[in-house]
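Visitor: What follows is a structure written as C-alpha cells; I'll ask about it next.
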Amino acid sequence: MFNVNSTNKRIQVLVKILNGGKSSGLFGGSTRAYVTKENVAIGDIVKDIKDVKSPQNVPRLYYKDDLPQSTLHHLKWMMQKDVLGQDMFLIGPPGPRRRLLAMQYIELTHREHEYVALNRDTTESDLKQRREIVGGTAKYFDQSAVKAATEGRILVLEGVEKAERNVLPVLNNLLENREMHLEDGRLLIPASRYDKLLEKHSTEDLDKWKLVRVDENFRVIALGLPIPR
C-alpha cells in the first residue's frame with residue numbers, strides 16, 4: 001500500500017541532498033521545486049496532490065520550470081500557509097504579478113479555483129447567490145465564493161482594497177469564521193463544527209436545518225494594492 005508519510009520523508013531527504021545537506025531557508029540558499037503524481041515540494045515544504053472533480057477549474061500554462069528564485073520563495077511561503085490551513089494576502093504594485101503568482105501556485109498544487117474581481121459595484125449577491133427566474137419559478141444559484149467554500153477550492157479575491165462597506169462584513173465572516181448566510185436560507189459553517197454536530201445528529205437533521213459544511217481544504221488568496229498614507 002502506498003505510504004504518503006514515507007514518500008514525504010524521501011522527498012525531504014532528496015531535497016536536502018540536492019541542497020548540499022541543508023534545508024532551504026525562506027530567503028537563503030537555492031530553492032527548488034519538485035513535482036510528482038502524489039506530491040509537490042518547494043524546498044523542504046511538501047504538499048500532497050489530490051484528484052480534482054472539475055479539471056477545467058485548474059489553471060494551465062502559468063507555472064514554468066525555470067522560475068526565478070524570488071518567485072519560488074513566494075510560492076514556498078504560500079505553500080507553508082496552505083499546509084497550516086491559513087489564507088493568504090498578496091500585496092504589491094499595480095500589474096498582473098500578484099494574480100500570476102496566485103495562478104502559478106494553484107496550478108503547481110493542482111487545485112481547483114474560483115475567481116472574483118471586487119469593485120465598487122460588487123454586492124452581497126455577487127458573493128453569495130443570484131436569484132433567477134427559470135420556468136416561471138425563482139431559483140437561487142450559488143456564486144463563486146459559495147462554490148469555492150463548499151467544494152474545497154481556492155477562492156482568488158482580486159481588488160480587496162475596492163470592496164465597499166456593505167460587502168466587508170460578508171467577506172470578514174467567511175475569512176475568519178468560515179460562515180455565510182445564504183439567500184435561500186442555508187448557512188455555511190466550518191467543517192469542524194459540522195463534524196461535531198454530525199456526531200450527535202444525522203445528515204438528514206443537518207439538511208433539515210439547512211446547514212452546509214465548508215470544506216476543510218477551502219482557502220482564500222486575496223490580492224490587493226498598498227494604500228498610500
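Visitor: Tell me, yes or no, whether the stretch 68-84 has at least one residue that is outside any helix (DSSP H, G or I), at pLDDT 90 or above and among the hydrophobic types (A, V, I, L, M, F, W, C). Please lay out each step first, then the result.
Guide: Narrowing the stretch 68-84 to residues outside any helix (DSSP H, G or I): 68, 84.
Then drop every residue that is not at pLDDT 90 or above, which leaves 68, 84.
After this cut, where a residue has to be among the hydrophobic types (A, V, I, L, M, F, W, C) as well, the list is 84.
Yes.
Visitor: Related question: Scan the stretch 137-157 residue by residue and report those that are more than 16 Å from THR122 (Cβ to Cβ), touching a residue at least 12 places away in the same chain (Cβ under 8 Å) and not charged (D, E, K, R).
Guide: TYR140, PHE141, ALA149, THR150, GLY152, ILE154
Visitor: Can you tell me which residue within the stretch 199-217, out of those that are surrounded by 15 or more Cβ atoms within 10 Å (Cβ to Cβ) and of a type in the set (A, V, I, L, M, F, W, C), is nearest to ASP82 (Cα to Cα)? Can you show your working first?
Guide: The initial filter retains those residues of the stretch 199-217 that are surrounded by 15 or more Cβ atoms within 10 Å (Cβ to Cβ), namely 206, 211-215, 217.
Now drop any that are not of a type in the set (A, V, I, L, M, F, W, C), which leaves 206, 211-212, 214.
Working: LEU206: 29, LEU211: 25, VAL212: 22, VAL214: 16 Å.
Here the answer is VAL214.
Visitor: Tally time: how many residues in the stretch 85-132 are over 22 Å from HIS181 (Cβ atoms) and either in contact with a strand residue (DSSP E or B) (Cβ under 9 Å, 6 or more places away or on another chain) or not assigned by TED's automatic domain parsing to the domain that holds LEU187 (or both)?
Guide: First, pick out the residues of the stretch 85-132 that are over 22 Å from HIS181 (Cβ atoms): 85-86, 88-113, 115, 117, 119-120.
Now narrow it down to the ones that are either in contact with a strand residue (DSSP E or B) (Cβ under 9 Å, 6 or more places away or on another chain) or not assigned by TED's automatic domain parsing to the domain that holds LEU187 (or both): 85-86, 88-113, 115, 117.
The total comes to 30.
Visitor: Moving on. How about the stretch 188-200: which of its residues are among the aliphatic types (A, V, I, L, M) and over 20 Å from the mean Cα position of the chain (by Cα)?
Guide: Pass one, the stretch 188-200, residues among the aliphatic types (A, V, I, L, M): 188-189, 191, 197-198.
Within the stretch 188-200, LEU197, LEU198 meet the criteria.
Table: residues versus (1) farther than 16 Å from MET88 by Cβ; (2) basic (Lys, Arg).
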{"site": "VAL134", "(1), (2)": "yes, no"}
{"site": "THR150", "(1), (2)": "yes, no"}
{"site": "ARG153", "(1), (2)": "no, yes"}
{"site": "VAL156", "(1), (2)": "no, no"}
{"site": "GLY159", "(1), (2)": "no, no"}
{"site": "ASN166", "(1), (2)": "yes, no"}
{"site": "VAL170", "(1), (2)": "yes, no"}
{"site": "ASN177", "(1), (2)": "yes, no"}
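Visitor: Given (1) in contact (Cβ under 8 Å) with a residue 60 or more places away in the chain; (2) farther than 27 Å from GLU161 by Cβ; (3) surrounded by 15 or more Cβ atoms within 10 Å (Cβ to Cβ), where does VAL220 come up short, assuming only one miss?
Guide: Result: VAL220 fails condition (2) only.
The values are calculated or read from the model by the stated rules, or taken from the named source; none is laboratory data. Owing to the predicted nature of the structure, the values given are computational and were not obtained by experimental measurement. All Cβ positions, even for glycine, are placed from backbone atoms using ideal geometry, and neighbour counts span all protein chains on display.
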